Amino acid sequence: MNSNALRTTADCIARADAIRATADDLAAAGNDWAVVCYFYAAYHTARAAILADPLFTSIAACTAKHPQLQMSDQTVTMHKARVVPGKTRAFGVNDLVDLLYPSIAMEYLELHSWSVNVRYLEGLEAGSSIDQAAQFYGRLRAAYDAGTLVA
């Protein structure tokens, strides 16, 4: 799924900053929904990196990275690709982060998992914390700000 929403890096980063402020407020209150906000701040930061990544200026560069990666995958908005038998595999943001940015993939994917636990299950599980979620987002954002999120 692609969307016309937040099509620029500036829009994505502005959204990430707004969501992070909410995350910080929730974290200060000890509310585990802060983790959901830290994930969505990470999601918009990752989308900014993907939108700015020069990899997506060449189909040859895309297919060299992965045989099924297309230039149009740069604007994907879904979290995880849906695999449909008989069709070319699509990518989601989670898949792109894992493929393109291994230096922060663990943090990003953990934030997604923790966010799912908070939203749909019983909240944070053992071994995860609001403080750790904030640290994970901080690492991802620092990598983005340093310009190291480039495939």
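The values are calculated or read from the model by the stated rules, or taken from the named source; none is laboratory data. Since the model is a prediction, treat every value here as computed from it, not as a measurement. Cβ sites come from the backbone with ideal geometry, for glycine too, and all protein chains shown count toward neighbours. These accessible areas exclude ligands, DNA and RNA; they are computed on the full protein's heavy atoms, side chains included. Shrake-Rupley method; radii C 1.70, N 1.55, O 1.52, S 1.80 Å.
With P(r) over Cα pairs in 10 Å bins from 0, in percent in mind, check [x] 9, 26, 25, 17, 13, 9, 2, 0; [y] 12, 41, 33, 12, 2; [z] 12, 43, 36, 9, 1 and report the label derived from this structure. It is the value labelled [y]. Solvent-accessible area assigned to carbon and sulfur over the chain amounts to 54 percent, based on a 1.4 Å probe. When each of the peptides 117-126, 41-50, 103-112 is scored by the mean number of other C-beta atoms lying within 10 Å of its residues, the order from highest to lowest reads 41-50, 103-112, 117-126. Note on GLU125 and ASP17: the model spin-label points, each 7 Å out from Cα along the C-beta direction, lie 3.5 nm apart.
Taking Cα pairs under 8 Å and at least six residues apart, what relative contact order does the chain come out at, in percent? It comes to 28 percent, rounded to a whole number. For the chain, the solvent-accessible area with a 1.4 angstrom probe is 49 square angstrom per residue.
Counting only whole DSSP H helices of the chain, the ones at least 18 Å long by C-alpha along their axis and with mean Kyte-Doolittle hydropathy no lower than -1.0 are 9-28, 33-52, 102-120, 130-146.
The protection proxy used here, the mean number of other Cβ atoms lying within 10 Å of each residue, ranks peptides 140-148, 31-39 as follows, highest first: 31-39, 140-148.
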